[in-house]
Amino acid sequence: MRVILTVPMTDARRFFDDIQVGEEYESPGRTVTETDIVIFAGLSGDYNILHTDAEFMKSSLFGERIAHGLLGLAIQAGLFTRATQPYATLAFVGLRWKFKGPIKIGDTIRVRAKVTAKKETSKGDRGVVTVERTVLNQRDEVVQEGETDLMVQRRPGA
Amino acid sequence: MAQAAKFYFEDVVLHGILETPGVTITEAHVALYAGLTRDEPLEPGAVPEILPLCLTTGLGWRVPQPPLAVLAFMGFEWHALLPVRVGDTIFSRSRTATKRSMREGGVVIEEREVINQRGEIVHKGKFTFLVAKRPT
């Protein structure tokens, strides 16, 4: 694992020009709790029995309640911000995502990320950075993976 | 004991369209979401892009149709076209784009648009679900 830690002295944010294709990061871990799932069900309104009915899930393929896939996605978005210096992000453009396995109560997940592409846009002050992300559990099993596209500001005057 | 009704693979209508009720996104939604996930808004008043996606999934439970018998949420792609701000009211419109029968269940690809109070499509994407067949 290679962790890039560059700390510009003035603006802590990293601009499009500073980010290099091939950079890799790994976040700290985060244990997903029953509380996370209950709060997410309340916030989103997604009360699917997969996430909320402990008795029904005992007899399911998973044997217990599992976290919402989108909760895992949202938690990795937060973990990513703890994995590297913040980008000078202007907007989230889009993502392509696969759910590979369940996240169960008590699992500890982390995100491993790699910059795979940089694309300048027609507007000269910004560019799109593509980051490949893998969400792993405590057994190093891939539970989610995908790519995100972020619109990142260019260094002013660059 | 009667089981709650479910919408199985056989019930899914190709090109069928489903619209949800709306929800107004408040500071409380953003604060709760950011506290839960640490995925923070980029600036005050902004809404993290994953939050509307999460809310539309819940809105899908409030349509006059039983919930889809999802065996697995396999994956999706998502595009953020316009910013969503605190105070915006969003709803989603979904259309079944593909329906493919498998040995165990069937794959359903749903196209979803998130629309704001001005009728603008703010986000859109495609979801792939594995859906159960009706038990025989």
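Listed by position, the helices (runs of 4 or more DSSP H) inside segment A:46-107 whose residues that are within 10 Å of another protein chain (Cβ to nearest Cβ), closer than 30 Å to residue A:11 by Cα and in contact with a Ser or Thr (Cβ under 7 Å, 6 or more places away or on another chain) number at least 1 are A:69-81. I'd like the residue in segment A:105-129 that is out of contact with any Phe, Trp or Tyr (no Cβ under 7 Å at 6 or more places or on another chain) and under 17 Å from residue A:79 (Cα atoms) and, out of all such residues, is surrounded by the fewest Cβ atoms within 10 Å (Cβ to Cβ). Here the answer is A:106. Of the residues in segment B:97-121, how many are in contact (Cβ under 8 Å) with a residue 60 or more places away in the chain, assigned to a loop (DSSP other than H, G, I, E, B) and closer than 29 Å to residue B:81 by Cα? Result for segment B:97-121: 1. Counting only residues that are farther than 22 Å from residue B:51 by Cα, assigned to a strand (DSSP E or B) and away from chain B (no Cβ under 14 Å), segment A:113-135 holds 8 of them.
Residues in segment B:82-115 that are touching an Asp or Glu at 6+ places or on another chain (Cβ under 8 Å) and within 14 Å of another protein chain (Cβ to nearest Cβ): B:82, B:84, B:91, B:92.
Out of segment A:11-45, which residues are touching a Gly at 6+ places or on another chain (Cβ under 7 Å) and within 14 Å of another protein chain (Cβ to nearest Cβ)?
Those that are touching a Gly at 6+ places or on another chain (Cβ under 7 Å) and within 14 Å of another protein chain (Cβ to nearest Cβ): A:31, A:44, A:45.
In this structure, is residue B:21 in contact (Cβ under 8 Å) with a residue 12 or more places away in the chain and in a helix (DSSP H, G or I)?
No; evaluated as a whole, the condition is false for this residue.
The numbered conditions (1) buried (at least 17 other Cβ atoms within 10 Å of the Cβ); (2) within 30 Å of residue A:89 (Cβ to Cβ); (3) in contact (Cβ under 8 Å) with a residue 60 or more places away in the chain are all true for residue B:9 except (2).
Quick check on segment A:115-130. Is at least one of its residues within 16 Å of residue A:28 (Cα to Cα) and either of a type outside the set (A, V, I, L, M) or modelled with pLDDT under 95 (or both)? So far as segment A:115-130 goes, no, none of its residues is within 16 Å of residue A:28 (Cα to Cα) and either of a type outside the set (A, V, I, L, M) or modelled with pLDDT under 95 (or both). Residue count for segment B:34-81, restricted to those that are assigned to a helix (DSSP H, G or I), more than 17 Å from the chain's Cα centre (by Cα) and either more than 7 Å from chain A (Cβ to nearest Cβ) or of a type outside the set (Val, Ile, Thr) (or both): 3.
Looking for something more than 10 Å from the chain's Cα centre (by Cα) and crowded, with 16+ Cβ neighbours inside 10 Å - is there at least one such residue anywhere in segment A:74-82? The answer is no; no qualifying residue exists.
The values are calculated or read from the model by the stated rules, or taken from the named source; none is laboratory data. As the structure is a prediction and not an experimental result, all values here were calculated from the model. All Cβ positions, even for glycine, are placed from backbone atoms using ideal geometry, and neighbour counts span all protein chains on display.
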